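Colleague: Structure in structure tokens, see below.
The values are calculated or read from the model by the stated rules, or taken from the named source; none is laboratory data. These numbers were taken from a predicted model, which means no experiment stands behind them. Cβ placement follows ideal geometry from the backbone for every residue including glycine, while neighbour counts extend to all protein chains displayed. Accessible surface areas use protein heavy atoms only, side chains included; no ligands, DNA or RNA. Shrake-Rupley method; radii C 1.70, N 1.55, O 1.52, S 1.80 Å.
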Amino acid sequence: MKSIIRNDSKILLIDLSDTKNRYLVDVSGKTFSTKYGEIDLTTLINREYGTILKSHLGRRYAALRPTIYDNIMLGIKRKTQIIYPKDAGYIVLWLGLQNGMRVFECGAGSGAMTTILANAISPDGEIVAYERDERFFKLSQKNVAKMNFSKNVKIFHKDIEEDIDDAPFDAAFIDVREPHLYIDQIWRALDGGAPVVFVLPTTNQIQQLLTQMENHSGFTDINVAETMLRFYKPVAERLRPRDRMVAHTVYL
């Protein structure tokens, strides 16, 4: 069945002359302006994703269906550092997420990872997230709603130190500065055999966490890892790595 662009659709516009120029656009905006001319979005209505259209100056653009990657990278307003997609995909696999699971998240931040978790357990699962900073609590709620996952996500303005309600959970994702202080609370909130992923930016934080986990009788199969992702210039005659890459982000 072909996917058709509607008046309320969101599209990814890619500049075919320079694909680094990409925009997440609501078709209901009617027109979209770039430095290469105005684009009449109404011409896309009832046409297929993948349609090529031109600005009034003749620049060619492709109208594609945005993926969750596009929505996260282009559609979410950030006030905190988000979890990079290279880490997020591995986290989702490591947690074994699937439809119907209940997942606890601590440290919702801007709501980017919350959205990725919600996408993995939808349509029947639930994310319960805590965020102690009121600014990020409000922002994460707004971003989750923007991504249409409000029915799968409950975000509370709460600190993990106050213990975790609505337990047990099938998995947990923890993104706080000092997780070693809350090992007991996290342990009590998890169902038997449930996986948990922590993200930390520095090795000394990992050492503190490992020490606490090793002193706790309940944790096993402990791993520490980081992911690296390097893009290449997609030119057949001159295939080589791009000049820059996002290297270290977090430890898992």
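Colleague: Under 10 Å, Cα contacts only: if you run a Gaussian network model on the chain, which one of LYS138, LYS20, LYS30 comes out with the highest mean-square fluctuation?
Modeller: Top of the fluctuation ranking is LYS20.
Colleague: By the scheme Lys and Arg +1, Asp and Glu -1, what is the net charge of all other residues having a beta-carbon under 10 Å from that of ASP40?
Modeller: Counting the neighbours of ASP40, the net charge comes to +1.
Colleague: Normalised by the residues of segment 158-252, what does the relative contact order come to in percent, with Cα pairs under 8 Å and at least six apart?
Modeller: 26 percent
Colleague: Select from segment 183-252 those trypsin sites (Lys or Arg not before Pro) which occupy a DSSP coil region and have at most 15 other Cβ atoms within 10 Å, ordered by residue number.
Modeller: ARG230, ARG242, ARG244
Colleague: If you don't mind, there's one more thing I want to ask. So with the 1.4 Å probe, I'd like the accessible area per residue for the chain, rounded to whole Å².
Modeller: 56 Å²
Colleague: OK, next. Identify, among ILE206, PRO234, TYR251, the residue whose Cα sits farthest towards the positive end of the charge dipole of segment 199-251, taking +1 on the Cβ of Lys and Arg and -1 on the Cβ of Asp and Glu, with the dipole about the Cα centre.
Modeller: PRO234
Colleague: While we're here: Over segment 62-186, what relative contact order in percent results from Cα pairs under 8 Å that are six or more residues apart?
Modeller: Relative contact order for segment 62-186 comes out at 26 percent.
Colleague: Rounded to the nearest 500, what is the 222 nm mean residue ellipticity of the chain from helices alone, with -39500 (n - 2.57) per DSSP H run of 4+ residues and division by all residues?
Modeller: It comes out at -7000 deg cm²/dmol, rounded to the nearest 500.
Colleague: Given H placed on each backbone N at 1.01 Å, which residues far from ILE83 in sequence or on other chains put an amide H within less than 5 Å of it?
Modeller: Amide H to amide H, under 5 Å and 5 or more residues apart or across chains, ILE83 pairs with MET113.
Colleague: Mind counting lysine pairs for me in segment 1-71? Cα separation below 19 Å, and the two need to be 8 or more apart along the chain or on different chains.
Modeller: 8
Colleague: Have a look at segment 117-233 and give its Rg and Dmax from the Cα atoms, expressed in angstrom.
Modeller: Reported Rg and Dmax, both Å: 15.7, 49.
Colleague: What is the chain's relative contact order, in percent, from Cα pairs under 8 angstrom and six or more apart in sequence?
Modeller: Once divided by the residue count of the chain, the mean separation gives 13 percent.
Colleague: Moving to a separate point now. Looking at the chain as a GNM with Cα springs under 10 Å, which of ALA225, ALA194, ALA88 has the largest mean-square fluctuation?
Modeller: ALA225
Colleague: State the label only: which of (i) 6, 23, 23, 17, 15, 11, 5, 0; (ii) 7, 31, 38, 19, 5, 0; (iii) 7, 26, 30, 21, 12, 4, 0 corresponds to P(r) over Cα pairs in 10 Å bins from 0, in percent computed from the shown model?
Modeller: Correct label, based on the coordinates given: (iii).
Colleague: Can you give me the angle between helix 112-121 and the longest principal axis of the chain, using Cα atoms only, in degrees from 0 to 90, rounded to the nearest 10?
Modeller: In the chain, helix 112-121 runs at an angle near 80 degrees to the longest axis.
Colleague: On to the next question. Return the carbon/sulfur percentage of the accessible area of segment 109-252, one whole number, probe 1.4 Å, all protein chains in place.
Modeller: About 47 percent, which is the carbon plus sulfur part of the accessible surface.
Colleague: Relative to the longest principal axis of the C-alpha atoms of the chain, give the angle of the C-alpha long axis of helix 134-146, reported between 0 and 90° and rounded to the nearest 10°.
Modeller: 50 degrees
Colleague: Here's another thing I want to ask about it. Counting Lys and Arg as +1 and Asp and Glu as -1, each charge on the Cβ, what is the dipole of the chain about the Cα centre in debye, to the nearest 20?
Modeller: Result for the chain is approximately 1860 debye, rounded to the nearest 20.
Colleague: Using the Karplus curve 6.51 cos²θ - 1.76 cosθ + 1.60 with θ = phi - 60°, work out ³J(HN,Hα) for each residue of segment 12-23 in order, rounded to whole Hz, and write x for Gly and Pro.
Modeller: 9, 8, 10, 6, 6, 7, 7, 5, 5, 7, 9, 9
Colleague: Could you state the angle between the C-alpha long axis of helix 85-95 and the longest principal axis of the C-alpha atoms of the chain, as a value from 0 to 90 degrees rounded to the nearest 10?
Modeller: 50 degrees
Colleague: With all protein chains present, how much of the accessible area of segment 16-97 (probe radius 1.4 Å) comes from carbon and sulfur, to the nearest whole percent?
Modeller: 50 percent
Colleague: Treating cross-link reach as a plain straight distance, find the aspartates and glutamates whose alpha-carbon is under 14 Å from the alpha-carbon of LYS151, omitting any fewer than eight places away in the same chain.
Modeller: The qualifying aspartates and glutamates are ASP124, GLU126.
Colleague: Same structure again: Evaluate the charge dipole of segment 170-234 about its Cα centre and quote only its size in Debye, nearest 20, assuming +1 on the Cβ of each Lys and Arg and -1 on the Cβ of each Asp and Glu.
Modeller: 360 debye
Colleague: Still on this model: What size of dipole, in debye to the nearest 20, comes out for segment 116-205 about its Cα centre when the only charges are +1 on Lys and Arg C-beta atoms and -1 on Asp and Glu C-beta atoms?
Modeller: 520 debye
Colleague: Here's another thing I want to ask about it. For VAL176, what residues show an amide H to amide H distance below 5 Å, using hydrogens built from the backbone and excluding near sequence neighbours?
Modeller: The list, which skips near neighbours in sequence, is VAL199.
Colleague: OK, next. Please list the non-local residues whose amide H lies under 5 Å from the amide H of GLY125, H modeled 1.01 Å from N, same-chain partners needing a gap of 5 or more.
Modeller: Here GLY100, MET101 satisfy the definition.
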